[in-house]
Amino acid sequence: MKHPNCWHIISYPRSGNHAVRAIIERFSGRPTLGCPGAERDDPPIFFRRQNQRLKLIEIRDQQCIARKSHFLREFIKHDEQETEAGIILITRDPLEAITSHIYSMVIPRLLSKRVKCFVAVREAVDDYLGPVFVFRAMHDRKRIHICYEDFIRPNSGVPAKLLQSMGINTIPSEAEVAETLLLAFDSLQRPGRAKRDQYVVERIKNEISKRLNYSQVLTLAQFHSGDLTII
């Protein structure tokens, strides 16, 4: 199967989408688009303040190379524009991704109430699994699965493998990868990164562990077919 000219990058929030986009933009020289309807708040990585300061990403071709989606509704909107795009699924341990996202989006004191925490986690688990099932369903697309933990691990080689799997003929050095990942840090400077109430954190994680663990996620994502690439 030939390499697609454009890709969907799908993941639950707080799963490393910005880090993957930064690597792709720098070494392809093409921009990535944020979630549909969030153009002002979620611009291409090269346009952000961090890159304007460091000047690591230089765009040579304005045609977008990838489109970001967190939820099924966003994927559907993007896919109307790129019906033959490949799929890049990013997964992160649901204990960490879901906890971080819930904590950043909901007033912590409300989560101390059992019912509120139960409802928030139940809805979040459904949202977390959405990109995974999209990935499984796209039998006719070029598909790549990467784990966030491997992607950001120093000297893992995973960012280079991702680029190769996308048909981008660039082999970045580990130093280049490390400095490029710094561009993603601005997306983490949100309330979810602030000092957390550990009681609330444990309540969230306990509710998540009743419903989903990373091993189950990886089993779902590793759906084998002739055109599937897993990193």
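What the table below lists for this structure:
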{"read-out": "Residue match in the stretch 165-185 (condition: among the polar types (S, T, N, Q) and within 15 Å of SER11 (Cα to Cα))", "value": "no"}
{"read-out": "Single condition ARG190 does not satisfy, out of (1) at pLDDT 95 or above; (2) under 21 Å from TYR12 (Cβ atoms); (3) not hydrophobic (A, V, I, L, M, F, W, C)", "value": "(1)"}
{"read-out": "Yes/no for VAL158 being within 18 Å of PHE27 (Cβ to Cβ) and in contact (Cβ under 8 Å) with a residue 60 or more places away in the chain", "value": "yes"}
{"read-out": "Selected residue (only one of SER100, SER69 is surrounded by fewer than 24 Cβ atoms within 10 Å (Cβ to Cβ), among the hydroxyl-bearing types (Ser, Thr, Tyr) and at pLDDT 90 or above)", "value": "SER100"}
{"read-out": "Count - residues of the stretch 120-151 that are closer than 22 Å to ILE76 by Cβ and part of a helix (DSSP H, G or I)", "value": "15"}
{"read-out": "Qualifying residues in the stretch 73-97 (those that are modelled with pLDDT of 90 or more and of a type in the set (Asp, Glu)) - the one surrounded by the most Cβ atoms within 10 Å (Cβ to Cβ)", "value": "GLU74"}
{"read-out": "Flag for VAL125 being farther than 25 Å from VAL158 by Cα, crowded, with 16+ Cβ neighbours inside 10 Å, at pLDDT below 95 and within 20 Å of the chain's Cα centre (by Cα)", "value": "no"}
{"read-out": "Test set (1) loosely packed, with under 13 Cβ neighbours inside 10 Å; (2) at pLDDT 95 or above; (3) of a type in the set (Asp, Glu); (4) more than 28 Å from ARG141 (Cα to Cα) - ASP61 fails condition number", "value": "(4)"}
{"read-out": "Entirely in the stretch 1-118, the helices (runs of 4 or more DSSP H) that have 3 or more residues that are of a type in the set (S, T, N, Q) and touching a residue at least 60 places away in the same chain (Cβ under 8 Å)", "value": "94-105"}
{"read-out": "Hits in the stretch 152-183 (condition: among the aliphatic types (A, V, I, L, M), surrounded by 13 or more Cβ atoms within 10 Å (Cβ to Cβ) and part of a helix (DSSP H, G or I))", "value": "ILE152, VAL158, ALA160, LEU162, LEU163, MET166, VAL177, ALA178, LEU181, LEU182, LEU183"}
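The values are calculated or read from the model by the stated rules, or taken from the named source; none is laboratory data. Here the structure is a predicted model, which means the values were calculated and not measured. Don't worry about glycine lacking a Cβ; one is built from the backbone with ideal geometry, like all the others, and counts go over all protein chains shown.
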